[in-house]
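Read through the structure below, which is laid out as structure tokens, and then see the notes.
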Amino acid sequence: MCGALAVRYYLLLGSTAGHPSYGIAVEAGGEGEAVLDLTVSRSRADALMRRLIAGSVTAVTVRDIVDDWLLE
């Protein structure tokens, strides 16, 4: 929850060059955003997901947070 807004987070599984790759999707208030092929590491994807949930990140701001995460 982000205030009264229900937020849903999804871990996405894809494939890049024959290897599994992970992305995330966030839905809230009728808006959604997906960011594909972020990492080939399931543990890194899980850590990002925990960070998004802890910060109540919404679909509107998820790309900014992911951009910062990629620069770490």
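Read the figures in this text as sums done on the coordinates, not as results from a lab. Owing to the predicted nature of the structure, the values given are computational and were not obtained by experimental measurement. When we count neighbours, we look across all protein chains shown, and the Cβ atoms used for this are built from the backbone with ideal geometry, even at glycine.
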Restrict the check to the range 31-39 and report whether at least one residue is within 13 Å of the chain's Cα centre (by Cα) and among the small types (Gly, Ala, Ser). yes
Any residue that is among the charged types (D, E, K, R) and in contact with a Phe, Trp or Tyr (Cβ under 9 Å, 6 or more places away or on another chain) - is there at least one of those in the range 46-68? yes
Residues in the range 21-72 that are surrounded by 12 or more Cβ atoms within 10 Å (Cβ to Cβ), among the aliphatic types (A, V, I, L, M) and in a helix (DSSP H, G or I) total 9
